1. At least 1 residues that are buried (at least 17 other Cβ atoms within 10 Å of the Cβ), without any contact (Cβ under 8 Å) to a residue 12 or more places away in the chain and among the polar types (S, T, N, Q) in each: list the strands (runs of 3 or more DSSP E) lying fully within the stretch 327-392 that qualify.
2. Across the stretch 169-198, which residue is farthest from the chain's Cα centre (by Cα) among those that are more than 20 Å from N304 (Cβ to Cβ) and part of a strand (DSSP E or B)?
3. Between D250, D228, D270, which is modelled with pLDDT under 95 and acidic (D, E)?
4. Is it the case that V236 is among the hydrophobic types (A, V, I, L, M, F, W, C) and touching a residue at least 40 places away in the same chain (Cβ under 8 Å)?
5. Going through I378, I302 one at a time, which residue ends up being touching a Phe, Trp or Tyr at 6+ places or on another chain (Cβ under 9 Å) and assigned by TED's automatic domain parsing to the domain that holds G181?
6. Give V219, V164 a once-over and let me know the one that is touching a residue at least 40 places away in the same chain (Cβ under 8 Å), within 18 Å of the chain's Cα centre (by Cα) and under 23 Å from G360 (Cβ atoms).
7. Taking the stretch 199-216 as the region of interest, how many residues are surrounded by fewer than 24 Cβ atoms within 10 Å (Cβ to Cβ) and within 20 Å of the chain's Cα centre (by Cα)?
Amino acid sequence: MGRLPFIIVACIFIIAFDIYCYKAIVSVFKKWKPGTKKAFGIAYWTYSALLIIGVFCGIYLNLFLTLRAIILVAFFLTVACKLAMLPFLVLDDLRRLFIHIFRKNKTVQLSNNSVQQETAAIPGEPITRSAFLVKAGLVAAAVPLTSLSWGIISGAYDYQVRRVNLILPNLPKAFDGITMGQISDIHSGSFYNKTAVKGGVEMLLGEKPDFIFFTGDLVNNLTNEVRDYQDIFSKVKAPLGVFSSLGNHDYGDYYFGKESSPAKVKNLKDMVDVHKIMGYDLLMNENRRLKVDGEEIGILGIENWGMGRFPKYGKMELAVQNTDDLPVKLLLSHDPSHWRGEVLQKYPQIDAMFSGHTHGMQFGVRLKEYQWSPVQYIYKEWAGLYQEQKQQLYVNVGYGFLGYPGRVGILPEITIFTLKRA
């Protein structure tokens, strides 16, 4: 299905869903005066219409990023609240259907009076079953509204510095105790608060890492999304350099499609140029030698290597060339599924791999001794440090956000590693 037909089908579904919710809400507030009911109807449908128009404009027009973010926030919260109501509304309709079928089987001729009796309150009850279920749905809708709103207000830019001791037995002495920073999944097309984004970068620089990794997804779809934030991320510097790799969103696949075109080729060229302008050493299936006091380790980086629907542009055979003499090899690879999908099987010389991609689904629980997120049912390795045999993987849950413009429990991450021999 093409992009436009899909959007049209989605809009039809949203409108039908709106009608369903509207009728349910109005049905339990029968005591409203005609003027109140009319005002509610106008407000409800005006908001819904503006939201759908806003989504179309956000997709097809070059709106300011802040305005686009506001539309996205409103749309996401509205859909989440209505989905929370849905089970209660469906349950009530199923209850009504069951009663209707039961009475029909008993050949009971329903009259207006009996219908009124069915929906009326049982003697001694202050509220009908239907009203109770719909109002319970409204209460349930308040739960995601509250938590997700708080995730937007408080969680989206609540950067957390996570400190990790990375044990590398073959680490040269000159690198023992050296520090490395990692950020991932900036998704600059989603940002709406430059001051907060700048604050996160200052937190990273305040740690004074010796070198820094950025592991992909600078944008959502197009390279020009970073234009308003390029000056901020250009400030990310380190004495031994900033190394980067591309993520699945950086190629323009989700905007131009999988097939090559002049516009898509230019978009990728612009992406490479942006990394250069910002001073990032972009590694596209290649490697660098990092030297300290005459000793060296390898920094390897590949293009995105994903499973399933995610693009697989990475070529490890190129990235490892001429690195056999290096005692330690650190790999930047955006998608953590690459670790189990190829690295563990074919490249035992890789000591540690650094990824992002999962975002921790921007929702879950992350404590010192326990972490949970729905994304763990998709990715076996989704947040933090993992080890198998002598190889390690670290998954950063991301600096930015995508889709839902906030975070609940899984907060944006700045990782600081201390490299140690033991």
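The values are calculated or read from the model by the stated rules, or taken from the named source; none is laboratory data. The structure presented is a predicted model; accordingly, all values stated were derived computationally and were not measured. Positions of Cβ are backbone-derived with ideal geometry, glycine not excepted, and every protein chain shown enters the neighbour counts.
1. Numbers: elements: 329-332, 352-355, 384-388.
Those strands (runs of 3 or more DSSP E) do not exist here; none qualify.
2. Let us first name the residues in the stretch 169-198 that are more than 20 Å from N304 (Cβ to Cβ), namely 169-181, 191-198.
Those left that are additionally part of a strand (DSSP E or B): 179-181.
Numbers: T179: 28, M180: 24, G181: 21 Å.
Checking each candidate, the answer is T179.
3. Numbers: D250 fails: modelled with pLDDT under 95; D270 fails: modelled with pLDDT under 95.
Every option except D228 fails the conditions.
4. Values: among the hydrophobic types (A, V, I, L, M, F, W, C): yes; touching a residue at least 40 places away in the same chain (Cβ under 8 Å): yes.
Against the criterion (among the hydrophobic types (A, V, I, L, M, F, W, C) and touching a residue at least 40 places away in the same chain (Cβ under 8 Å)), V236 qualifies.
5. Details: I378 fails: touching a Phe, Trp or Tyr at 6+ places or on another chain (Cβ under 9 Å).
Checking each option against the conditions leaves just I302.
6. Just one listed residue meets the conditions, V219.
7. Looking only at that region, the number is 2.
To keep it simple, each residue is scored yes or no on (1) more than 15 Å from G279 (Cα to Cα); (2) charged (D, E, K, R); (3) at pLDDT 95 or above.
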{"site": "Y159", "(1), (2), (3)": "yes, no, yes"}
{"site": "N165", "(1), (2), (3)": "yes, no, yes"}
{"site": "K194", "(1), (2), (3)": "yes, yes, no"}
{"site": "E207", "(1), (2), (3)": "yes, yes, yes"}
{"site": "G241", "(1), (2), (3)": "no, no, yes"}
